[in-house]
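Everything below concerns the one structure shown next.
The values are calculated or read from the model by the stated rules, or taken from the named source; none is laboratory data. Please read all numbers here as calculations on a predicted model, not as lab measurements. No Cβ is skipped: glycine too gets one built from the backbone with ideal geometry, and neighbour counts run over all protein chains shown.
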Amino acid sequence: MRKSVTFRPLLLIMLGLVLGLVGCQAENEKGAAGVSAGEIEHISLTCIDICLRWEKPPFTLKTFNDADSILTFTEAINQARRMEGDLDYGGIFNMKLFFTDGTRKEYVLNIDDKVGSTGLLVDIAKSTQGYIIGQDMVSKLRAIIFPA
């Protein structure tokens with residue numbers, strides 16, 4: 001007598017794999033992180049590498065604790081788009097997010113004072129993966145990082 005083979009477990013496994021791949025693809029297209037402005041106590045920027053070689057660095061350390069600035073930074077992080085391939089870059093600013101629960105998240109943020117440029121965001125924990133910050137968002141960040 002021949003046993004009947006059920007494909008139900010195999011079908012469920014395949015469905016799980018497909019859904020997992022779709023979820024990964026969707027995450028790859030999202031920004032660098034799902035950061036909420038309400039969870040952040042303050043943000044600090046430290047002038048590093050490239051910034052320190054500028055003729056006139058804008059500051060050594062700057063802290064942002066007002067709601068508008070924090071919202072602008074979190075929008076930039078959440079709207080940043082993943083770049084393809086590995087990175088080889090120098091840093092302009094080290095950016096630390098200080099959360100209300102006592103945790104921190106650290107990035108390299110490359111934004112200069114040149115109008116029309118895009119920015120680069122790199123999560124320190126994944127230092128070979130970069131995210132592009134669009135010109136509109138960079139303009140908003142530039143206004144608070146390099147005030148006139």
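A few comments on the model shown:
- When Ile50, Ile70 are checked against the criterion of being under 16 Å from the mean Cα position of the chain (by Cα) and assigned to a helix (DSSP H, G or I), Ile70 stands alone in meeting it.
- Scanning segment 130-148 for residues that are within 10 Å of the chain's Cα centre (by Cα) and within 13 Å of Phe73 (Cα to Cα) gives a single hit, Ile133.
- Every pair of residues 6+ apart whose Cβ atoms lie under 6 Å, when the first sits in segment 23-46 and is assigned to a loop (DSSP other than H, G, I, E, B) and surrounded by 12 or more Cβ atoms within 10 Å (Cβ to Cβ) while the second is among the hydroxyl-bearing types (Ser, Thr, Tyr) and modelled with pLDDT of 50 or more: Ala32/Tyr131; Val35/Thr74
- Put simply, of Ser117, Ser127 the only residue that is of a type outside the set (Asp, Glu), farther than 16 Å from Thr63 by Cα and within 14 Å of the chain's Cα centre (by Cα) is Ser127.
- For the residues Asp113, Asp86, Asp101, Asp66, the requirement of being in contact with a helix residue (DSSP H, G or I) (Cβ under 7 Å, 6 or more places away or on another chain) and not small (Gly, Ala, Ser) singles out Asp113.
- So Asp86, is it in a loop (DSSP other than H, G, I, E, B) and either over 14 Å from the mean Cα position of the chain (by Cα) or loosely packed, with under 14 Cβ neighbours inside 10 Å (or both): yes
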